[in-house]
Amino acid sequence: MMRGGNRAVTYWESYLDRKKLYGNKTAEEGLRYAFMVDVMIFEDRVSLQSRSLEVAARVLYGIEKIFEDCKVRADWENANSKDFKAKYEAAAEYDLFHAGEQWAVAADEAVAKDREARAKRAKWLPRSAGPQ
């Protein structure tokens, strides 16, 4: 995101354009976080090792994970569509709303472990027969 002296806001705006995400409130919330990242780095001179910067970066990464398979507006716009590709469950998996609880470096590992544990439970729990 911050390669070559580019600002996070510039990256995020191009990300919104590339993925056709303008109009999506979750994706547009990333602009606020990108602005905070820019202020922390370029104005406040916050250390790149700072916890606050890590939390903001993790939120941005989580939002990217939600929309990683989206290429056009139809991929995220209608949740009832068979073409729906946005993975909103990633918001919970990456704990976007309480992002300070884990470091971003471990986020993918933690989510992978949680998914694996849920899959094992689902495999071994007896299936409900439902009403008869």
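Before moving on, here are some points about what is shown:
- Scan of the range 40-56 for residues that are exposed (fewer than 14 other Cβ atoms within 10 Å of the Cβ) and either part of a helix (DSSP H, G or I) or in contact (Cβ under 8 Å) with a residue 60 or more places away in the chain (or both), ordered by number: 42, 43, 51
- Selection of the range 68-86 for residues being within 17 Å of residue 16 (Cβ to Cβ) and out of contact with any Ser or Thr (no Cβ under 7 Å at 6 or more places or on another chain) yields 68, 69, 70, 71, 72, 73, 75, 76, 77, 85, 86.
- Boolean, residue 59 is surrounded by 14 or more Cβ atoms within 10 Å (Cβ to Cβ), free of Cβ contacts under 8 Å to residues at least 40 places away in the same chain and in a helix (DSSP H, G or I): no
- Test for residue 37: is it within 25 Å of residue 109 (Cα to Cα), among the β-branched types (Val, Ile, Thr) and out of contact with any Phe, Trp or Tyr (no Cβ under 8 Å at 6 or more places or on another chain): yes
- Filter result for residue 79 (part of a loop (DSSP other than H, G, I, E, B), loosely packed, with under 12 Cβ neighbours inside 10 Å and at pLDDT below 90): yes
The values are calculated or read from the model by the stated rules, or taken from the named source; none is laboratory data. Because the structure is predicted, anything quoted here is derived from the model rather than measured. Note that we place each Cβ from the backbone using ideal geometry, even for glycine, and neighbour counts take in every protein chain shown.
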